[in-house]
Each structure stands twice: as C-alpha cells, then as structure tokens.
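This report concerns only the one structure given below.
None of the figures in this text is laboratory data; all of them are computed from the coordinates on show. What you see is a predicted model; the values in this text were computed from it and never measured. Positions of Cβ are backbone-derived with ideal geometry, glycine not excepted, and every protein chain shown enters the neighbour counts.
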Amino acid sequence: MKVLVTGGTGYIGSMTVVALIEAGHEVFVVDSLVNSKQEVLSRIEKITQIRPGFQALDVRDASGLLRLCQEKKFDAIIHFAALKAVGESTEQPLAYYENNLCASMNVMSVMRAAHIPCLVFSSSATVYAADNPMPLTESAQLGASNPYGQTKLMTEQIMRDAALAYPDLSLLALRYFNPVGAHASGLLGEDPNGVPNNLVPYIAQVAVGRRTHLRVWGNDYPTHDGTGVRDYIHVADLARGHVAALQYGVQQRGFRAINLGTGKGHSVLDMLRAFGQACGKELAHEILPRRPGDVAANWADPALAQQLLGWEAQHDLARMCADTWRWQSLNPNGYEHS
Ligand code: NAD
Ligand code: UFG
C-alpha cells in the first residue's frame, strides 16, 4: 500500500514507518518538525535501507495537504501529528485545540477530496473517564480531564460522525496505553524537550546521569506497593499494531476504536527496579505527594485488538527497559547532539 504518515518523524511515527517499510509498504512522511528532527529520516534509512519520501508540512495547511494527496494517490493515512504534552495543554488550550483539531479535520476532509478510503488515528487511553473498573474495555465510560485529552475525544467524535455520513470511509482510532522503549538498534527512540514529564524518559535520564533521582508522585495509592500502576507497552509492539490496523482498516468500513495495550499493569517502583536491572545501577528516588490529575491504576483489556487485528503485544518489561537504556546511552542528548 501507499501510506501517508503524518507526524512520521516523531517517536511512535518513526517506529511505525520502519514497521511499514519492513512489511513492504511504500511510505511518505509529512511533519512540521515542531517536536522532532529530520535526522530521524537518516536513522530510518540506516535501519531499513530505504529513505521514506518526506515533506516538511504542517497538516493544518489544508491546500498543501490536498495537493500532496492528489499527486501521490495514497491508499491510507496514519495520522500521528499532534501536540501531546498534557500539562502544556492546560496552559495553552487554544494552541492544542487549534493544532490537533485542525490537523484531524484537514486529514478527514482530504480523505474525501482525494478518495483515500482508510484512516488510522492516534488516540489515547486518556479518553477514558477516571472512575472505570479495570481493565478498560473500549465500551468503558469516556471523559477527558485536560484539553489534550479533549482533542482526542473530539477527534474520535468527528470520526464517528464522518463514518455515519460517508459510509465508504474506514476510520480507526487506536487508543494507546503508555508507550515506552526504543528501536532495538538504539537508532530511534524518544527525545523529549526539556524536563521529561513521563516516567520512563525521566528514569532514563536519571540512569544516564542527566538527573539526580526520580521523583515518585505518591506512594499511598490502593496498588500493590502504593505507587501508580500503568499499562506500559513497547513502542515496537505499538508500531506492529499500526501495520495490523492498516490491513484490517482497508477491508472494513465505518468507525472503530481499539485499545493497544498489554493488559498488564506495572507500578512506578516496578519500573524503577526493572530499569535499574537493565542499566546495572541502583537508581535513586524520592517519594513526593501525588501529582494532580493522576489516577491510581490504569490498564487495557486488549482482547478486541487480538480479535479484529490478530495483534497482541510481545515484549516484556525487561525488553522495554533494555531497549530504552540502549537508546539513551547511545544518544545521551537525544538526536541533536548525537
Ligand atoms: P511526537 O511529538 O514524538 O510525534 C508527533 C509528531 O507530530 C512530531 O514529530 C511533531 O513534529 C508532529 N506534529 C505536531 N503537530 C503537527 C502539525 N500540525 N503538522 C505536522 N506535524 C505535526 O509524539 P508521539 O509520542 O510520537 O505521539 C504520536 C501520536 O500518538 C500523537 O498523536 C499523540 O497524541 C499520540 N499518543 C502518544 C502517547 C505517548 O505517550 N507518547 C500516548 C497516547 C497517544
Ligand atoms: N510518575 C512519577 N514520576 C515522574 C513521572 C511519572 O512518579 O517523574 C508516575 C505518575 O505519577 C504515574 C506513572 O508514573 O503514576 C506514569 O506517568 P506518565 O506521566 O509516564 O504517564 P501517564 O499515565 O500519566 O500519561 C501518559 C501520557 C498521556 C496518555 C496516557 C495514556 O502522558 O498523554 O499515558 O496513554 F494519555
């Protein structure tokens, strides 16, 4: 298939581009580079021996996107391009709504205008309301507690409405749980700007000596050791999930939301221990009060992905930490200074 990947130089997008190329698809990437580097394309080429087509394009540029799609005649779009920092989204809600919603609207409009039948969209476990029973199935109560999460919920709603009005379209929303890990070569990984907000990038920076210790946000949750529990999923598994979703997507019509998670929960202290084993160091931590907005525990029921896509996660925690550590130690300052 000829696949357009928006946000394809980002963390999950770049891993998915590799998986798509390895599965024999022809990939074209657009990215505004607002949160990624063009160097990623050379890394993809090193891994696959193929350099994907690329245009530096903001997906909010409707006419630019339409021109590209009319020229290239894609079979499907995988739409990763979005701003994704939860905290920043509460400080700059308009920038988040504008970027994420305009981008998604343009992608769907262009699908119709350029006759592209299939869309795979990056949604998130953040679309689930806080008080659901675990594990989270796709029919759990929805509700977002910040503007970033709202953009995911709203895009899903627009997809649902578009699917009803335009029955020829196939619109899939993949609800990712907590993506971690890196490419096994150490060539591709997560390269956050500034102080990482997410757990694993923060631990990785402690391990490499850029930060002194992990701040554990609360140890009084009703979990096995009191710290927050999440469903961490290796980004390579997530990438394979997109290839499977594409194969399913081109055969079906209508809207579907599908969880991509492992079905297993791990605590903050479990992660710190596993990472310590991967890097061979004891990593310091300090217990601090809970972070506002966090839930105690959150993990997926991944049965629908298994049923519809024939997909399930394969990599365990040890592999997630080993691959993150290889990436972090080979690229201590991310892409820029490597
Ligand atoms: P990322 O920031 O590494 O990648 C997103 C890419 O989109 C970046 O390369 C950025 O430059 C680009 N981009 C942003 N706005 C754009 C625009 N208007 N036009 C063109 N390019 C634009 O993030 P990621 O972790 O790879 O996330 C990919 C997708 O998955 C996002 O939609 C994100 O919301 C979603 N998601 C991420 C997580 C996570 O924890 N990483 C969890 C759930 C969902
Ligand atoms: N945590 C710490 N210290 C840190 C960072 C995190 O103790 O420095 C804890 C948090 O309190 C939480 C757990 O580690 O218990 C995971 O936190 P993350 O910030 O890594 O992940 P979240 O589950 O809060 O959120 C992430 C993304 C969201 C996405 C969600 C579900 O940031 O965008 O996963 O996919 F929606």
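Using a Gaussian network model of the chain whose springs link C-alpha atoms within less than 10 Å, name the residue from HIS315, HIS242, HIS234 with the highest mean-square fluctuation.
HIS315
Relative contact order of the chain, please, whole-number percent, based on alpha carbon pairs below 8 angstrom and at least 6 residues apart. The partial results should precede the final answer.
Details: 693 pairs, mean separation 64.1, N = 338.
Result for the chain is 19 percent.
Below 12 angstrom from the Cβ of THR6, what's the summed charge of the other residues (Lys, Arg +1; Asp, Glu -1)?
Working: positive: ARG60; negative: ASP31, ASP58, ASP61.
That works out to -2.
Pop out the ³J(HN,Hα) list for region 58-69 in order, Karplus 6.51 cos²θ - 1.76 cosθ + 1.60 with θ = phi - 60°, rounded to Hz; leave Gly and Pro as x.
Each residue's phi maps through the Karplus curve to give 7, 5, 6, 7, 4, 6, x, 5, 5, 4, 4, 5 Hz.
Could you please state, rounded to a whole Å, how far the C-alpha centre of region 191-246 is from the C-alpha centre of region 115-170?
With region 191-246 and region 115-170 each reduced to a Cα centre, they are spaced 23 Å.
Any idea what angle helix 268-279 forms with the longest principal axis of the chain, computed on alpha-carbon atoms, 0 to 90 degrees, nearest 10?
The answer is roughly 90 degrees.
What's the center-to-center distance, using Cα atoms, between region 250-316 and region 47-71 in Å?
Comparing the Cα centres of region 250-316 and region 47-71, I get a distance of 31 Å.
As a test, work out the antiparallel percent of DSSP beta bridges whose residues both lie in region 161-280, rounded to the nearest 5. Could you put the intermediate results ahead of the total?
Numbers: 2 of 12 bridges.
Of those bridges, close to 15 percent are antiparallel.
Order of 206-214, 253-261 by packing, highest average Cβ count within 10 Å first?
On the way: 206-214: 16.4, 253-261: 22.0.
Put in order of decreasing packing, that is 253-261, 206-214.
When a/c is below 1.5 the answer is rounded, else prolate if a/b is larger than b/c, else oblate, so apply that to region 202-338 with a ≥ b ≥ c taken from the square roots of the Cα gyration tensor eigenvalues.
Values: a/c = 2.45, a/b = 1.48, b/c = 1.66.
Oblate, since a/c reaches 1.5 and b/c is not below a/b.
Amide H to amide H under 5 Å from VAL229: which residues, 5+ apart in sequence or cross-chain, H placed 1.01 Å off N in plane?
ALA297, ASN298
Between CYS102 and ILE287, what is the label-point separation in nm under the 7 Å Cα-to-beta-carbon projection?
Computed distance between label sites ILE287 and CYS102 equals 4.7 nm.
Excluding residues on the same chain fewer than 8 positions from LYS72, give the aspartates and glutamates whose Cα lies under 19 Å from its Cα.
GLU26, ASP31, ASP58, ASP61
Tilt of helix 147-165 relative to the longest C-alpha principal axis of the chain, in degrees (0 to 90, nearest 10)?
With rounding to tens, the tilt is 30 degrees.
Between LEU164 and VAL250, what's the calculated FRET efficiency when r is the beta-carbon distance and R0 is 25 Å? Round to 0.05. Let's see the in-between values first.
Values: r = 20 Å, r/R0 = 0.79.
Computed FRET efficiency for LEU164 and VAL250: 0.80.
Can you list residues from other chains, or at least 5 along the same chain, whose modelled amide H is less than 5 Å from the amide H of ALA81?
Those lying under 5 Å, H to H, from ALA81 are THR6, GLY7.
Would you look at the GNM of the chain, springs on alpha carbons closer than 10 Å, and say which of ARG67, ARG51, ARG230 moves the most?
Between ARG67, ARG51, ARG230, it is ARG67 that shows the largest mean-square fluctuation.
So if I restrict to the alpha-carbon atoms in region 258-338, what is the Rg, and what is Dmax, the biggest pairwise distance, in Å?
16.0, 43
Quick check on the chain: of the DSSP beta bridges with both residues there, what percent are antiparallel, nearest 5%?
Details: 3 of 44 bridges.
Taking every DSSP beta bridge within the chain, about 5 percent pair in antiparallel fashion.
Relative to the Cα centre, what is the charge dipole magnitude of region 1-53, using +1 at the beta carbon of each Lys and Arg, -1 at the beta carbon of each Asp and Glu, and rounding to the nearest 20 debye? Let's see the in-between values first.
On the way: 5 positive and 5 negative charges, 13 e Å.
Value, rounded to 20: 60 debye.
Cα to Cα, under 26 Å, and not fewer than 8 places away if on the same chain: which lysines meet these conditions relative to LYS84?
Excluding near neighbours in sequence, the set is LYS37, LYS152, LYS264.
Using +1 at the C-beta of Lys and Arg and -1 at the C-beta of Asp and Glu, which of PHE177, LEU65, PRO93 has the Cα lying farthest in the positive direction of the dipole of the chain?
Working it through, the farthest residue towards the positive pole turns out to be LEU65.
Using all Cα-Cα distances in the chain, what percent lands in each 20 angstrom bin from 0 up to the longest?
Reading the bins upward from 0: 32, 61, 7.
Does region 92-141 come out rounded, prolate or oblate by the C-alpha gyration tensor, with a ≥ b ≥ c the root eigenvalues, rounded set by a/c under 1.5 and, if not, prolate when a/b is larger than b/c and oblate if not? Provide the component values of the computation, followed by the final result.
Working: a/c = 4.46, a/b = 1.58, b/c = 2.82.
The shape class here is oblate.
Pull out a ≥ b ≥ c, the square roots of the eigenvalues of the alpha-carbon gyration tensor of region 188-270, then state rounded if a/c is under 1.5, prolate if not and a/b is larger than b/c, and oblate in the remaining case. Write down the numbers at each step before the final one.
Values: a/c = 3.26, a/b = 1.71, b/c = 1.91.
The shape class here is oblate.
Within region 86-161, report the trypsin sites (Lys or Arg not before Pro) that DSSP leaves as loop and that have at most 12 other Cβ atoms within 10 Å.
Sparse-neighbourhood loop trypsin sites (Lys or Arg not before Pro): none present.
Size of the dipole of region 1-118 about the Cα centre, Lys and Arg at +1 and Asp and Glu at -1 on the beta carbon, nothing else charged, in debye to 20? Display every interim value, and only then the final one.
Working: 11 positive and 12 negative charges, 58 e Å.
Charge dipole of region 1-118: 280 debye, to the nearest 20.
Could you pull out which residues in region 1-34 have an amide N less than 11 Å from a spot 7 Å beyond the Cα of ASP61, following the Cα-Cβ vector?
Only 31-33 pass the distance filter.
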